[in-house]
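Structure first, then comments.
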Amino acid sequence: MILKERKVPGPNSKAIINQSKQSEPQSMADQVPVVWDHAEGVWITDVDGNLFLDFTSGVLVTNIGHSHPKHVKAVVDQTKRLMNCYSFPTTERVELSKRIVEVLPDNIDKVFLLTTGSEATEAAIRIAKRYSGKHEVLSFYGAFHGRTYGPMSIAGNINTRRQFGPALPGGIMAPYGNCFRCVYDKKFPECDFYCIKMLDKIIESSSSGDLGAVIAEPYQGSAGFIFPPKGWLKELEKWANARGLILIIDEVQSSFGRTGKLFAIEWEDIKPQMICLGKGLGSGIPTSAVAGESKIFDCMSPGEMSSTTGGNPLSSAAALSVLEILKEENLTENARTVGEYLLERLSNLWKKYDFVGEVRGLGLVIGIEIVKNKKENVPEVDICKKIISRCAELGLMLGRVGMYGNVIRVAPPLVIKKEECDIAVEIFDRVMNEINKTL
Ligand SMILES: Cc1ncc(COP(=O)(O)O)c(C=O)c1O
């Protein structure tokens with residue numbers, strides 16, 4: 001089934017986008033120009049009445065699907081009861097904290113609720129510095145941990161770093177386990193985790209002897225859905241533990257079922273000392289958290305950690321319902337099985353089209369990297385943009401990501417069915433075929 005072809009943007013979308021230009025900065029202007037009106041499950045309707053299959057989850061947020069009735073009810077009921085209070089515990093907040101701790105590895109026994117992903121990574125860095133008494137943090141090329149100055153200073157993503165002046169001191173950076181574009185020009189598994197082995201050399205030359213923590217994403221989201229080879233995170237954990245460093249895993253994007261496990265760290269069975277959460281936790285209601293070991297959190301004195309709306313009754317009730325829905329509807333399992341199916345079907349595009357450099361993914365987070373040709377793997381942004389625009393005209397809503405902006409972001413809500421994936425694959429194939437003929 002191919003959806004009805006439509007003009008993008010439609011007249012109503014166009015008018016609203018123009019209106020937005022009067023009063024909003026255009027920092028997000030590079031998206032598909034469609035103004036969403038309402039959405040249900042995996043289907044979006046825009047302000048012109050066009051239907052789109054959502055393969056964005058609104059930047060990997062709406063894991064449970066749009067306007068899930070149970071989520072909506074939890075939010076509406078809570079709105080009527082209590083939306084905000086002074087920062088004393090509420091039943092919703094306490095219950096949510098308990099549930100989060102229950103589903104995380106057993107070394108994690110405390111959780112601090114916040115509002116955005118950047119706030120969670122910011123808090124994790126602050127706590128790690130305070131606890132360790134050390135002020136350097138190791139992070140990775142291509143990493144993205146948020147747009148406030150703390151996370152930005154330990155991120156290796158050109159989109160957040162360039163032209164913002166000097167970062168905060170203490171950030172040390174090393175190559176990630178990116179085998180598609182290995183900076184050491186090595187091949188896995190023969191390299192035997194060479195990039196982990198090189199960390200000591202990097203620290204030797206770049207650290208003032210004040211390194212206290214290391215932060216990593218389980219897969220790099222903003223850099224282009226880059227998945228390190230199996231075993232890389234485990235090796236990183238061993239390396240960090242052997243040096244007494246606090247390991248922080250940034251699961252803001254990868255958690256709550258997205259990769260086919262509730263948390264991506266479960267694929268490698270690692271036990272970081274701190275974990276950052278966000279996005280899918282509230283599934284649309286702004287909620288984030290940093291979870292960790294109490295021996296680490298206990299270093300913070302009263303007043304050193306607080307956030308006005310963090311863990312408020314409304315966001316806590318919303319997040320609690322997300323956890324229930326994920327469990328009741330086996331959405332993590334669905335992400336795994338449907339994700340495997342989708343990855344296999346999309347991999348056929350790699351076989352067919354020379355400009356598809358790689359199709360990679362885990363669960364329902366899949367990156368399609370567009371290149372000039374397979375031989376050289378040079379990033380190709382124009383074709384990537386054309387594919388995304390043309391897919392929108394045929395009813396498939398996609399995002400673009402990557403250090404070089406040449407990766408198609410495939411990340412539908414976790415409620416998606418195989419038949420809906422078939423629609424998307426058919427659209428992809430038609431669009432790529434059309435573009436291929438013009439080359
Ligand atoms: C891994 C990761 N960390 C942190 C953030 C920042 O989250 P927020 O935009 O909610 O501040 C993001 C957002 O994309 C992310 O992907």
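The values are calculated or read from the model by the stated rules, or taken from the named source; none is laboratory data. Worth saying up front: this structure is predicted, and the values here are computed from it rather than measured. A quick note on method: Cβ atoms are made from the backbone with ideal geometry, for glycine too, and the neighbour counts reach across all protein chains shown. Ligands, DNA and RNA are excluded from the accessible area calculation, which covers all protein heavy atoms including side chains. Shrake-Rupley method; radii C 1.70, N 1.55, O 1.52, S 1.80 Å.
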Scanning segment 116-129 for residues that are under 22 Å from the mean Cα position of the chain (by Cα) and open to solvent by 30 Å² or more (accessible area, probe 1.4 Å), which turns out nearest to the ligand (Cβ to nearest atom)?
Thr116
Residue under evaluation Ser132, criteria (1) more than 11 Å from the ligand (Cβ to nearest atom); (2) more than 17 Å from Tyr176 (Cα to Cα); (3) open to solvent by less than 10 Å² (accessible area, probe 1.4 Å), criterion not met:
(3)
Can you tell me how many residues in segment 72-115 are outside any loop (DSSP other than H, G, I, E, B), over 22 Å from Ile270 (Cα atoms) and away from the ligand (no atom under 16 Å from the Cβ)?
16
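One line per residue, one yes/no per condition, for (1) closer than 28 Å to Ile226 by Cβ; (2) of a type outside the set (Phe, Trp, Tyr); (3) at pLDDT 95 or above:
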site: Phe88; (1), (2), (3): no, no, no
site: Arg93; (1), (2), (3): no, yes, yes
site: Lys98; (1), (2), (3): no, yes, yes
site: Leu114; (1), (2), (3): yes, yes, yes
site: Gly133; (1), (2), (3): no, yes, yes
site: Phe140; (1), (2), (3): yes, no, yes
Checked pairs for segment 291-304, first in the same structural domain as Ile265 (by TED's automatic domain parsing), second open to solvent by less than 30 Å² (accessible area, probe 1.4 Å) and part of a helix (DSSP H, G or I), C-beta under 8 Å and 6 or more apart or across chains, list as Ala291/Ile100; Gly292/Ala124; Gly292/Ile127; Ile296/Ile127; Ile296/Ala128; Phe297/Ile127; Cys299/Ile127; Met300/Ile127
Just to be sure I understand, how many residues within segment 240-260 are open to solvent by 20 Å² or more (accessible area, probe 1.4 Å) and away from the ligand (no atom under 16 Å from the Cβ)?
4
Quick one: would you say Ser307 is more than 20 Å from the chain's Cα centre (by Cα) and of a type in the set (Gly, Ala, Ser)?
yes
Does segment 338-361 contain any residue that is within 23 Å of the chain's Cα centre (by Cα), under 30 Å from Glu92 (Cα atoms) and at pLDDT 95 or above?
no
Strands (runs of 3 or more DSSP E) wholly in segment 1-62 with at least 3 residues that are within 23 Å of the chain's Cα centre (by Cα) - which ones?
36-40, 51-54
Tell me, which residue of segment 274-288 that is outside any strand (DSSP E or B), crowded, with 24+ Cβ neighbours inside 10 Å and of a type outside the set (Lys, Arg) is nearest to the ligand (Cβ to nearest atom)?
Gly278
From Ala223, Ala242, Ala216, residue being in contact (Cβ under 8 Å) with a residue 40 or more places away in the chain and out of contact with any Leu (no Cβ under 8 Å at 6 or more places or on another chain):
Ala223
Collect the residues in segment 289-305 that are away from the ligand (no atom under 16 Å from the Cβ) and of a type in the set (A, V, I, L, M, F, W, C), keeping them in residue-number order.
Ile296, Phe297, Cys299, Met300, Met305
